[in-house]
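Notes to accompany the following structure.
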Amino acid sequence: MNTSIEQVIRAEQDEQLRGIAEKILAKQRISSEEGVALFKKGSLPFLGALANHVRERLHGHKTYFNRNFHIEPTNICVFACNFCSYSRLYAHREEGWELTTEQMLNIVKSYDGKPVTEVHIVGGVHPKLTLEFFADLLRKIKAHRPELHIKGFTPVELDYMFRKAKKSIREGMAYLKEAGLDSLPGGGAEIFHPDIRKQICADKVDAEGWLAIHQTAHELGMHSNATMLYGHIEQFEHRIDHMERLRQLQDKTGGFNTFIPLKFRNKDNAMSHVPESSIIEDMRMYAVARLYMDNFPHLKAYWPMLGRQNAQLALSFGVNDIDGTIDDSTKIYSMAGAEEQNPAMTTAQLVTLIRQAGRLPVERDTLYNEVKVYEADEVALS
């Protein structure tokens, strides 16, 4: 145990918190009750010191990013989630967009000759876009650029696709995998607890359905991520319940790569009356996530949602990944009022941002294989 952590623990007046800290340093799992106690009683310096200790124990100073771009096929959606600023109902589809297969392939082709490793495909649940439509898209992307990793579709999209196609989860996932789907993003999880879920997104796939789709993907040899939407009407107990369900599935499958807390943004949605969380609460969220999610190797701060400087700050509160270059290819958070209205960073900018926080930039692929470690004297060219 290093001296600074010893000092932090000794200085803590609360006996329960000291006991939790000792468990964490001994690499013992903390309970749901202890997770809630960290949220309720842990000071920001206490939580940050512990989370940084765990982060450095796992990864040292390495901080990951990738070269990626997004395709958002449509923002037309059959669901009306109260927190969403992005989607438009089918009845108002003239206010939204719907890309053709050719338009989406042209986006992929626009990256020909560029060293991107991942395309992230996610959007609204359009009633006319079928499982076969997306399988055809996947095949055409792979035919054009076989090595490009396709991370696509939340369980919200997949559940709807599979039900319309009258396929089981396993049949649907196997079909998309064969067509070229490589992994799943973490979206659509929101808050699992039914008391909150029925208030913010009552009509889409429930917690059990979300988890079943990810479990099936893992069983088929695919990896995935997981998210949680925080900072709205949920309580600390609901956050821990959410993380506990993910932790239990990870114990079973080991298929999750990273956990991504997503901050609720209140611009232009049905929950605009709910205030957003403070930066202090954001950092507490990251820190507790790093301490609680002991079987998730990585913790990501999604910089288009949090903003560059806050993502940089999160690197001291347990975070070891800040996503990727993005290239202004997503509108989900900019439409909800995030600071980043045109989210794009060059590799050089990402490397600089990570270095400024005293960390070691590492370009990765989707599965966290290291592509390039940027040592102190190396310059990123793009």
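The values are calculated or read from the model by the stated rules, or taken from the named source; none is laboratory data. If you're wondering where the values come from, they're calculated on a predicted model, not measured in any experiment. Reconstructed Cβ throughout: ideal geometry from the backbone, glycine too, with neighbour counts over all protein chains shown.
Below is a table of values for the structure above.
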item	result
Test for ILE150: is it of a type in the set (Val, Ile, Thr) and more than 23 Å from LYS263 (Cα to Cα)	yes
Matching option when the condition is part of a strand (DSSP E or B) and either at negative phi or in the same structural domain as ARG290 (by TED's automatic domain parsing) (or both), among MET243, MET228	MET228
Criterion: at pLDDT below 90 and among the small types (Gly, Ala, Ser) - qualifying residue of ALA49, ALA26, ALA80, ALA11	ALA80
Members of the range 153-179 that are surrounded by fewer than 21 Cβ atoms within 10 Å (Cβ to Cβ) and assigned to a loop (DSSP other than H, G, I, E, B)	ALA165, LYS166, LYS167, SER168
Those residues of the range 110-144 which are surrounded by fewer than 17 Cβ atoms within 10 Å (Cβ to Cβ) and part of a loop (DSSP other than H, G, I, E, B), in sequence order	SER110, ASP112, GLY113, LYS114, PRO115, PRO127, LYS128, THR130
Top-ranked residue of the range 231-240 - restricted to ones that are in a loop (DSSP other than H, G, I, E, B) and free of Cβ contacts under 8 Å to residues at least 60 places away in the same chain, ranked as farthest from ASP195 (Cα to Cα)	GLY231
Within the range 241-281, considering residues that are among the hydroxyl-bearing types (Ser, Thr, Tyr) and in contact (Cβ under 8 Å) with a residue 24 or more places away in the chain, the one farthest from GLN309 (Cα to Cα)	THR253
Tally of residues being closer than 14 Å to ASP241 by Cβ and either hydroxyl-bearing (Ser, Thr, Tyr) or part of a helix (DSSP H, G or I) (or both) across the range 181-197	4
Selection from the range 266-292 of residues that are farther than 18 Å from VAL36 by Cβ and among the small types (Gly, Ala, Ser)	ALA270, SER272, SER278
Filtered residues of the range 203-224 (kept if of a type in the set (A, V, I, L, M), surrounded by fewer than 22 Cβ atoms within 10 Å (Cβ to Cβ) and in contact (Cβ under 8 Å) with a residue 40 or more places away in the chain)	ALA212, LEU220, MET222
Residue match in the range 194-215 (condition: within 23 Å of THR258 (Cα to Cα), at pLDDT 95 or above and touching a strand residue (DSSP E or B) at 6+ places or on another chain (Cβ under 6 Å))	yes
The range 155-204: number of residues that are within 18 Å of the chain's Cα centre (by Cα) and of a type in the set (Val, Ile, Thr)	2
Of residues in the range 328-373 being charged (D, E, K, R), at pLDDT 85 or above and under 20 Å from the mean Cα position of the chain (by Cα), the one surrounded by the most Cβ atoms within 10 Å (Cβ to Cβ)	ARG364
Any hit, the range 22-37, residues being touching a residue at least 12 places away in the same chain (Cβ under 8 Å), among the acidic types (Asp, Glu) and more than 15 Å from GLY318 (Cα to Cα)	yes
Residue ID - surrounded by the most Cβ atoms within 10 Å (Cβ to Cβ), chosen from residues in the range 93-109 that are at pLDDT 90 or above and in a loop (DSSP other than H, G, I, E, B)	LEU99
Test: residue in the range 267-280 that is assigned by TED's automatic domain parsing to the domain that holds ALA311 and under 20 Å from ASN320 (Cβ atoms)	yes
Residue count for the range 287-325, restricted to those that are aromatic (Phe, Trp, Tyr), crowded, with 24+ Cβ neighbours inside 10 Å and at pLDDT 95 or above	2
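Quick grid of which residues meet (1) outside any helix (DSSP H, G or I); (2) within 21 Å of the chain's Cα centre (by Cα); (3) on the phi > 0 side of the Ramachandran plot:
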residue: ILE20; (1), (2), (3): no, no, no
residue: ILE24; (1), (2), (3): no, no, no
residue: ILE30; (1), (2), (3): yes, no, no
residue: GLU33; (1), (2), (3): no, no, no
residue: VAL36; (1), (2), (3): no, no, no
residue: ALA51; (1), (2), (3): no, yes, no
residue: PHE79; (1), (2), (3): yes, yes, no
